[in-house]
Structure formats: structure tokens, C-alpha cells
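Read through the structure below, which is laid out as C-alpha cells, and then see the notes.
Laboratory data are not the source of any read-out in this text; all were calculated from the coordinates shown. Just so it is clear, the structure is predicted and the values come from calculations on it, not from any experiment. Glycine also receives a Cβ, built like all others from the backbone with ideal geometry; neighbour counts cover every protein chain displayed.
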Amino acid sequence: MINSKDTAITYFIADLHLCENRPDISACFLRFLENDATEAETLYILGDLFETWVGDDDDNPYLKTIAEALTKLSQSGTCVYYIHGNRDFLLGKNYAKKSSMTLLPEIETIDLYGRHVVIMHGDTLCTRDIDYQVFRKKSRSWWWQTMVKSLPLFVRKKMAANYRKKSAQATAMKSQDIMDVTESEVIKCLENNHSQLLIHGHTHRPAVHDIMANGVKAQRIVLGDWYEQGAWLKVTPKTIELLNHSL
């Protein structure tokens, strides 16, 4: 597809945790797609677009509304790319097609106006959260996903609700340091990918961090969540800005 945008803008978002019982977040996201995002050449969604995802066979009209809005954005000329998060890693090719999104691997490198950049959700960087990493390894396996997807939809929804409840209880017991990224893992990621810029979400701590990697200065940019406001990263050939908008 030939992009017809007049301006060179790329947006990054993550951790919206869309769900029907937060209509304020949904409305903010739809406004973003209808307005700001239409200016961009590309929109990267770096995981946790949805609060939970139990399978592409869920025919909830709410999910259809989000898919239609993303498709409308794509039809306007904005390319939409998606990396799975820790909440919606079961989102598959069928829903991606309905939403006109291109699925990317969990770690991707892109050319961002001449800069070699690593993008990811960010949960793999939190290596001190051992319990989560154990679950993550199991839940990304083909056998676990095949087993879960074979269950009736209502069972999967109940499982997801129970998991979210247990996860919230476990999170309340963990220190902020455990749930944050491990700096050595960040440096390892940058050096393995020969990059000086990493963009990710997951930790809900929007900031620009100056670090050292490959023996020179590097940066790690963390995207904000959408619990209290819309949050996105706007990148042009000359500027990088973390922005937000009230719900």
C-alpha cells in the first residue's frame, strides 16, 4: 500500500486495556484513531490493546467496533502494526485481518527515520518477576495455546476472569522493583539488536531513560498506559514527544 500522508509522523501506543466497562478509555481511543492517528504514516500498537483476549471467535459487538475503527484508519492511509502484550497474546490472525493490522514478532527492529530502533511490549525485560516469567513461558507454548483454544468460549472467559483476579492479588504483593525492567536485560536487548533506541510499554511508567549500550549513549522510551488519560509517543524525523490527552 502506498501511504498518502503529507507529513512524516509515527505514533506508538500500548497498555490501553480496552474493555466494555471502561467506556471512557474506549471513547478516548476512538477519538485518537479518528483525529491524531490519521495524520500518521504508521501506528504501532505495542501490546495490551485489550484487557483480556480469549480467542478470535469471540463475536462481542464491542470488539467489532474496535476492529472497524482500526480498519477505517488503515483505509485512510495509516499502516497499523501490532505486537502482543501479556493480556492479549492470544489475539490471532483472524482478528488482525478484521482490524487491518499487521502482526509483528514479540521483538522487532524498525527503521524509524534513519534510526535503527527496537520495539516490543516489554514484559520480557522484567526478569526479576520470576513467577510471571514462568507463566509467560508456559502460556506462549503451542501446546498450552492449543489446549486453551479448544475449550468452549464461556470457559475461556471464566478462566481469563479468574486469572486477572489472581494476577491482581499477586501484583499487590510484589515490589515495584520486581515488576520493573531489569537494566542489564535492556542493555542486552539493545546490544543483541545493534540499536541505541528501545521503545516499549508494559510497566506503565512513561519516561525517557538515558543509558549506555554498545559502549555509547542510548535511550529507552517507555509508553504510558490509558487508565487516567490517553498516552502516545509521537515521532517525526526531528522530534520525539511523549504526549497525553484527558479521557
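If r is the Cβ-Cβ distance from residue 131 to residue 72 and R0 is 45 Å, what FRET efficiency results, to the nearest 0.05? The pair residue 131/residue 72 has a calculated efficiency of 0.65.
Hull volume per residue, based on the alpha-carbon atoms of the range 19-69 and their convex hull, is 91 Å³. Under the rule of -39500 (n - 2.57) per DSSP H run of 4 or more residues, summed and divided by the residues of the chain, what mean residue ellipticity at 222 nm is obtained, to the nearest 500 deg cm²/dmol? So the helix-based figure for the chain works out to -10500 deg cm²/dmol. Expressed to the nearest 5 percent, the antiparallel share of DSSP beta bridges inside the range 1-154 is 35 percent. Between the amide H of residue 219 and those of 197, 198, 211, distances stay under 5 Å, these residues lying 5 or more places away or on another chain, with hydrogens modeled in the peptide plane. Against the compact-protein benchmark of 2.2 N^0.38 Å, the Cα-based radius of gyration of the range 10-246 scales to 0.99.
When the alpha-carbon atoms of the range 90-222 are used, the pair Rg, Dmax equals 17.1, 52 angstrom.
What the Cα convex hull of the range 1-137 gives, in volume per residue, is 116 Å³.
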